[in-house]
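The values are calculated or read from the model by the stated rules, or taken from the named source; none is laboratory data. Just so it is clear, the model here is predicted, and its values are computed rather than measured. Note that we place each Cβ from the backbone using ideal geometry, even for glycine, and neighbour counts take in every protein chain shown.
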Amino acid sequence: MTARVNALLLGLAALILAVPLVLNPTAPFGGTDDAASEVVTASNPDYRKWTGPLWQPPGKELEGTLFALQAAFGAGILGYVIGRSRGRPDQ
């Protein structure tokens, strides 16, 4: 890929990230787990969860950090596999 294509893709990624923030800056950005819990509670107020987490992180900061670490680990593995397959000599 050329530098122009890379710059175009980077600009497109920035645009995709910025558009929701510009269109609705006061929107509450919650996760899908929270939204699903609200829908279930609204449709069936007597619903009780039958499972729970094995371990609850002591704070939201640690939870976010662990999520980011998990994503980075997965991206590293994916990048390694793609790099190894693309760098292999033709057979």
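Worth pointing out:
- Scope segment 9-23; condition closer than 26 Å to Glu63 by Cα and either of a type in the set (Ser, Thr, Tyr) or surrounded by 10 or more Cβ atoms within 10 Å (Cβ to Cβ) (or both); matching residues: Ala13, Ala14, Ala18, Pro20, Leu21
- Residues of segment 49-91 that are under 19 Å from Asp33 (Cβ atoms) and of a type in the set (A, V, I, L, M, F, W, C): Trp50, Leu54, Trp55, Leu62, Leu66, Phe67, Ala68, Leu69, Ala71.
- Matching residues in segment 10-44 - criterion: being modelled with pLDDT of 90 or more and in a loop (DSSP other than H, G, I, E, B): Asn44
- Top-ranked residue of segment 67-91 - restricted to ones that are over 30 Å from Gly31 (Cβ atoms) and part of a helix (DSSP H, G or I), ranked as farthest from the chain's Cα centre (by Cα): Gly87
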